[in-house]
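Undergrad: One structure is given below, represented as structure tokens, and several questions about it will come after.
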Amino acid sequence: MNFDALFTTQLNALKEEGNYRIFAELERQCGAFPKARCHDDQSPDEVTVWCSNDYLGMGQHPKVRQAMKDAIDACGTGAGGTRNISGTNHEHLLLERELADLHGKEAALLFTSGYVSNWASLSTLGARLPNAVILSDSLNHASMIEGMRHARCPKVIWNHNDPDDLDRKLAALPANMTKIVAFESVYSMDGDIAPIKEIVEVAEKHGAMTYLDEVHAVGLYGPRGGGVAEREGLMDRITLIEGTLGKAYGCMGGYVTGSAALCDFIRSFASGFIFTTALPPAVAAAARTSIAHLKTSDIERMQHRRQVAKLRAMLDRNGIPHLENPSHIIPVMIKDPVKCRMLADILMQDWGIYVQPINYPTVPKGTERLRFTPSPLHGDAEIEHLVEALSVLWKQCAIAHAVA
């Protein structure tokens with residue numbers, strides 16, 4: 001059998017739909033964020049990155065970089081194995097204490113990524129808690145969906161950000177079921193924010209545990225960067241808070257926080273924790289430094305909000321359609337996969353602007369978009385350059401402007 005022919009057939013179909021993904025070959029320039037060297041022959045040598053999840057540019061922060069260098073000099077590069085065998089390092093424990101403190105919890109557990117922390121934790125909870133059922137927001141991330149799939153327990157989908165529908169779904173379940181309500185705070189593609197208080201109150205009414213994914217909120221919201229739940233004074237009412245070190249903290253890794261018993265339960269039974277090599281100590285040291293800095297510094301968050309507001313206002317003035325939301329994520333709607341790819345290519349090649357098109361299956365067909373994430377380090381001139389480019393392209397490509 002010609003296996004390559006089977007692979008090629010499906011890849012060709014993906015290309016015809018306009019959903020084939022092309023990765024730009026970039027090289028981040030230390031100290032020059034959001035600039036990056038581009039190794040694409042058809043694009044400028046230097047481009048401005050407009051779609052990074054390093055929301056605050058902390059991956060370039062001098063203190064964070066120095067912490068990583070110091071840890072490498074002290075410990076070397078790798079962790080030495082899984083945490084279960086030989087890979088638990090003092091830096092891992094220090095980071096877990098920092099994370100527990102961030103969310104006001106007894107304990108935290110570190111994973112190699114936010115994807116793994118969701119997959120491992122939800123699958124373990126759903127599989128091992130007696131008579132468990134997971135109630136999932138309809139727009140939950142793929143990592144959460146994968147965790148529920150591996151849990152092999154019943155799953156109930158409730159309408160996105162709809163506490164009333166969640167209430168109805170919980171009320172319909174037998175009283176003896178262990179109910180787990182899983183949702184996110186900031187949804188990464190539309191940028192909307194969950195009504196956390198109302199969801200928590202519904203869950204408490206039915207005796208359900210709450211599982212909150214704050215990956216697109218930690219570092220950015222709350223007086224110490226604890227996320228939307230911290231901003232709204234709700235962290236103590238949420239059973240498990242999950243987050244990432246790879247976005248606003250500028251490093252790599254994922255984690256869960258909760259009671260000591262909950263974290264020990266996941267540590268003891270989650271295959272995604274037990275059987276994977278631990279994060280390098282240097283990464284843990286850098287992440288801890290980033291978290292500690294953002295617990296006490298509001299400068300980055302304030303400048304971030306100013307630049308987000310500035311870009312939104314300029315897009316509005318120029319009639320460029322973007323989803324209104326209360327977060328830092330600015331989706332500019334294209335609604336066509338081929339045009340979305342074409343616009344991204346033109347922005348890169350002609351304007352030195354890098355933004356990755358967001359197509360199916362990340363978003364539903366017909367909702368394709370360019371997702372912009374301004375940072376504190378995007379200057380006013382760069383914002384003006386982006387809006388000028390978009391305005392020119394909107395006219396050239398005959399894409400509908402936003403209704404005034």
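Undergrad: Among Ala120, Ala151, Ala132, Ala108, which is more than 30 Å from Phe33 (Cβ to Cβ), touching a Cys at 6+ places or on another chain (Cβ under 8 Å) and of a type in the set (A, V, I, L, M)?
TA: After applying the criteria, what remains is Ala132.
Undergrad: Might you let me know whether region 320-329 holds any residue that is under 26 Å from Leu26 (Cα atoms) and open to solvent by 50 Å² or more (accessible area, probe 1.4 Å)?
TA: Keep residues of region 320-329 that are under 26 Å from Leu26 (Cα atoms), which gives 328-329.
With the extra rule that they be open to solvent by 50 Å² or more (accessible area, probe 1.4 Å), the set shrinks to none.
So far as region 320-329 goes, no, none of its residues is under 26 Å from Leu26 (Cα atoms) and open to solvent by 50 Å² or more (accessible area, probe 1.4 Å).
Undergrad: Residue pairs, Cβ under 6 Å, 6 or more apart or interchain, first in region 339-350 and closer than 11 Å to Leu370 by Cα, second outside any helix (DSSP H, G or I) and of a type in the set (Asp, Glu). List them.
TA: Cys340/Glu368
Undergrad: Among the residues of region 78-98, which ones are among the hydroxyl-bearing types (Ser, Thr, Tyr) and modelled with pLDDT of 95 or more?
TA: Across region 78-98, the qualifying residue is only Thr82.
Undergrad: I would also like to ask the following. So which of Ala203, Ala217 ends up being of a type outside the set (Ser, Thr, Tyr), more than 21 Å from Met58 (Cα to Cα), surrounded by 24 or more Cβ atoms within 10 Å (Cβ to Cβ) and out of contact with any Leu (no Cβ under 7 Å at 6 or more places or on another chain)?
TA: None of the other options fit; the residue is Ala203.
Undergrad: Say we look at region 276-319 and pick out the residues that are among the hydroxyl-bearing types (Ser, Thr, Tyr) and open to solvent by 10 Å² or more (accessible area, probe 1.4 Å); which of these is nearest to Gly78 (Cα to Cα)?
TA: Filtering region 276-319 down to residues among the hydroxyl-bearing types (Ser, Thr, Tyr) leaves 276-277, 289-290, 296-297.
From the residues that got through so far, the ones that are open to solvent by 10 Å² or more (accessible area, probe 1.4 Å) too are 276-277, 289, 296-297.
Details: Thr276: 13, Thr277: 9, Thr289: 19, Thr296: 30, Ser297: 30 Å.
So the residue we want is Thr277.
Undergrad: Identify the single condition in (1) of a type in the set (Val, Ile, Thr); (2) farther than 28 Å from His92 by Cβ; (3) open to solvent by less than 40 Å² (accessible area, probe 1.4 Å) that Ile157 does not satisfy, given that it satisfies every other one.
TA: So Ile157 meets the others, but not (3).
Undergrad: Also, quick follow-up: Return the pairs, sorted by first residue and then second, in which the second residue is buried (at least 17 other Cβ atoms within 10 Å of the Cβ), the first residue lies in region 39-58 and is on the phi > 0 side of the Ramachandran plot, the beta carbons are less than 6 Å apart, and the residues are 6+ apart or on different chains.
TA: Gly57/Phe33; Gly57/Ser375; Gly57/Leu377
Undergrad: If I filter region 303-317 for residues that are aliphatic (A, V, I, L, M), farther than 30 Å from Ile134 by Cα and within 20 Å of the chain's Cα centre (by Cα), do I get at least one hit?
TA: Yes, that holds for at least one residue.
Undergrad: Being within 14 Å of Asp213 (Cβ to Cβ) and either open to solvent by less than 50 Å² (accessible area, probe 1.4 Å) or in a helix (DSSP H, G or I) (or both) narrows it down to one residue among Tyr255, Tyr249; which is it?
TA: So the residue among Tyr255, Tyr249 that is within 14 Å of Asp213 (Cβ to Cβ) and either open to solvent by less than 50 Å² (accessible area, probe 1.4 Å) or in a helix (DSSP H, G or I) (or both) is Tyr255.
Undergrad: When the residues of region 330-340 are narrowed to those that are in a helix (DSSP H, G or I) and out of contact with any Lys or Arg (no Cβ under 9 Å at 6 or more places or on another chain), which ends up surrounded by the most Cβ atoms within 10 Å (Cβ to Cβ)?
TA: Selected residue: Lys339.
The values are calculated or read from the model by the stated rules, or taken from the named source; none is laboratory data. On a predicted model such as this, the values are computed, not experimentally measured, just so you know. As a convention, Cβ positions derive from the backbone with ideal geometry for all residues, glycine included, and neighbour counts pool all protein chains shown. The area values use the complete protein model at the heavy-atom level, side chains included, leaving out ligands, DNA and RNA. Shrake-Rupley method; radii C 1.70, N 1.55, O 1.52, S 1.80 Å.
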